[in-house]
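Comments concern the structure below.
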């Protein structure tokens, strides 16, 4: 395994850990609001968005997603099959579309960029579908084990042609 592949796989794993840590931060903060206000749901708790933890959770998710897209693509380019390499194009396309809107390059209703954290907070479904999901899939495919071909059977002849024993008595000797 080359050092570039090893490095990119470790970065993909670290990026996935950042994504999990960010999502856990957002869930815990929403759960705290649910416990503080009886009758609220997790969605209500998310929309309260207490600072600084909600922003920290979103930044962790965004950083993990970018790292997963970069490291996953690099690992797949170094050592991956053709179908793995094909997955890079739609994943980067979706991520690029999300970042283009988040940075204000493409118009989006009710949003004036550039502000990726605010865009991810106000449109979590868009961030989840266009950035988070492709990043997790690409990094997951990159760190998943590659299918190795089954070992081939190499059979050789026990007896040379025409010299096989004629009876079982010859086998005992």
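Derivation of every value follows stated rules applied to the coordinates shown; laboratory data play no part. On a predicted model such as this, the values are computed, not experimentally measured, just so you know. Counting neighbours? That spans all protein chains shown, and the Cβs are built from the backbone with ideal geometry, glycine included.
Which angle from 0 to 90°, rounded to the nearest 10, does the C-alpha axis of helix 133-143 make with the longest principal axis of the chain?
Value to nearest ten degrees: 30.
What ranking do 146, 84, 10 get, fewest neighbouring Cβ atoms within 10 angstrom at the top?
146, 10, 84
Once both axes come from the Cα atoms, what is the angle between helix 3-36 and the longest principal axis of the chain, in degrees from 0 to 90, rounded to 10?
Roughly 40 degrees, rounded to the nearest 10.
At a 10 Å Cβ-Cβ cut-off, how would you order 3, 36, 65, 15, fewest neighbours first?
Working: 3 7, 36 11, 65 30, 15 24.
Going from least to most buried by this count: 3, 36, 15, 65.
Calculate the FRET efficiency for residue 122 and residue 17 from the Cβ-Cβ distance with a Förster distance of 35 Å, rounded to the nearest 0.05.
After rounding to 0.05, the efficiency reads 0.85.
Mind checking the angle between helix 82-102 and the chain's longest principal axis? C-alpha axes, 0 to 90 degrees, to the nearest 10.
With both axes taken from Cα atoms, the answer is about 10 degrees.
Given the DSSP H assignment, sum -39500 (n - 2.57) over each helix run of at least 4 residues in the chain and divide by its residue total; what's the result at 222 nm in deg cm²/dmol, nearest 500?
-21500 deg cm²/dmol
Students often get this wrong, so try it: which of [x] 90, 40, 27; [y] 76, 43, 24; [z] 53, 52, 29 is Cα extents along the principal axes in Å as calculated from the structure shown?
[x]
Contour minus end-to-end for residue 53 and residue 112, with contour as 0.36 nm per residue of separation and end-to-end as the Cα-Cα distance?
Taking residue 53 through residue 112 to full extension adds about 18.9 nm, to one decimal.
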